[in-house]
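Have a look at the structure below, then the notes.
The values are calculated or read from the model by the stated rules, or taken from the named source; none is laboratory data. Fair warning: this is a prediction, and the values are worked out from it, not measured in the lab. Note: ideal-geometry Cβ built from the backbone for every residue, glycine included; neighbour counts use all protein chains shown.
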Amino acid sequence: MLWLLYVGYGVLGGIGLGIGYITPVSTLVKWFPDRRGMATGLAIMGFGFAAMIASPVMRFLIESVGIPNTFFILGAIYFVIMLVASLYLEKPPEGYVPAGVVIEETKTASKDLAQLTANEAIKTKRFYFLWFMLFINVTCGIAILAVASPMGVEIAGLSAGAAAVMVGIMGVFNGAGRLIWASISDYIGRPNLYTIFFVLQIGVFAILPFTTNGILFQILLFIMITCYGGGFSAIPAYIGDIFGTKQLGAIHGYILTAWAAAGLAGPFIVAEIYEATQSYALSLYIFVAMFVVALIISIIIRFDIRKLKVKNEHRV
């Protein structure tokens, strides 16, 4: 019955996860045009913290009623909660703006650069710039998440217990980073935010192989994991900024294929390199190089956005 697990948990569960993730996030971007980052950050923070809440519940149910019944119970609970919550999701009226807010004048939001359909968006360079930035950010972040505990033991000399506690705390920073960084992006802009992400992580990943102090090692990982979470939460608002909200949900779905690809690439890279070298250092250097590429892309996309702004101004 292994195939049933693959089809049910893997295929159907994966599709449901994507739909459940994209729908509320894309709706929030439309309902809160003046605080896109904060709105999506709140939603995606909940997505990140959910595993921390659900994991002990799942463990309790498995020990109490077994694995099959756990699926039935959780499935029923999730169905009811999501059905009730979905009743509050509604497309805002065309041109909706919160009362008392003038989008053109506010300092926390800018006018969308375009209003493209999903098929139009994927024909632009900006789409692939965003895709690769998200892919690199998630690839490197998820790879470190997969090996954070043994890497802490090997590089920083942490005990197994201390490394396990560190991984738990990383979950908190992952969730908090999703809200904090996304909220900051409302003020400094999404292009600036991603440039900051990549500059910070170039420094973190370059220093990590030489960090034998346990406390400093953990601080660096906590910084990295906030950038990992922040990359998720800021991307919907970034999409809205440069492609508009016409088909934001579909465009967001296309962009999130980078997440799926990164989920395969990150752990594979770090596992294969460790097996060949018995060290995490080379993996970290490779990730530094990847972040340099991402940093270059984050700078290039600025020129593309600037050209589009000039083009829009000439039309006006």
Task: Residue identified as in contact (Cβ under 8 Å) with a residue 12 or more places away in the chain and either in a helix (DSSP H, G or I) or farther than 23 Å from Gly240 by Cβ (or both) among Leu28, Leu12 - done: Leu28
- [ ] Inspect all residues belonging to the range 300-309 and state whether any of them is free of Cβ contacts under 8 Å to residues at least 40 places away in the same chain and either surrounded by 13 or more Cβ atoms within 10 Å (Cβ to Cβ) or under 23 Å from Ile19 (Cα atoms) (or both).
- [x] no
- [ ] Within the range 155-188, track down each residue that is surrounded by 20 or more Cβ atoms within 10 Å (Cβ to Cβ) and closer than 19 Å to Gly231 by Cβ.
- [x] Met170, Phe173, Asn174, Gly175, Gly177, Arg178, Leu179, Trp181, Ala182, Ser183, Ser185, Asp186
Open item on the list: Which condition from (1) surrounded by fewer than 21 Cβ atoms within 10 Å (Cβ to Cβ); (2) over 25 Å from Met170 (Cα atoms); (3) among the polar types (S, T, N, Q) is the one that Ser26 breaks?
Closed with: (1)
Task: Pairs, first more than 18 Å from Glu154 (Cα to Cα) in the range 199-225, second acidic (Asp, Glu) and not in a helix (DSSP H, G or I), C-beta under 9 Å, six or more apart - done: none
Open item on the list: Give me the residue from the range 100-112 that is aliphatic (A, V, I, L, M) and within 20 Å of Arg190 (Cβ to Cβ) and, out of that set, modelled with the highest pLDDT.
Closed with: Val101
Task: Looking only at the range 53-99, and only at residues there that are among the small types (Gly, Ala, Ser) and part of a helix (DSSP H, G or I), the one that is modelled with the highest pLDDT - done: Ala76
Open item on the list: I'm trying to understand the selection: among the residues of the range 204-222, which are within 18 Å of Ser283 (Cβ to Cβ), part of a helix (DSSP H, G or I) and in contact with a Leu (Cβ under 9 Å, 6 or more places away or on another chain)?
Closed with: Val204, Phe205, Ala206, Ile207, Leu208, Pro209, Phe217, Leu220, Leu221
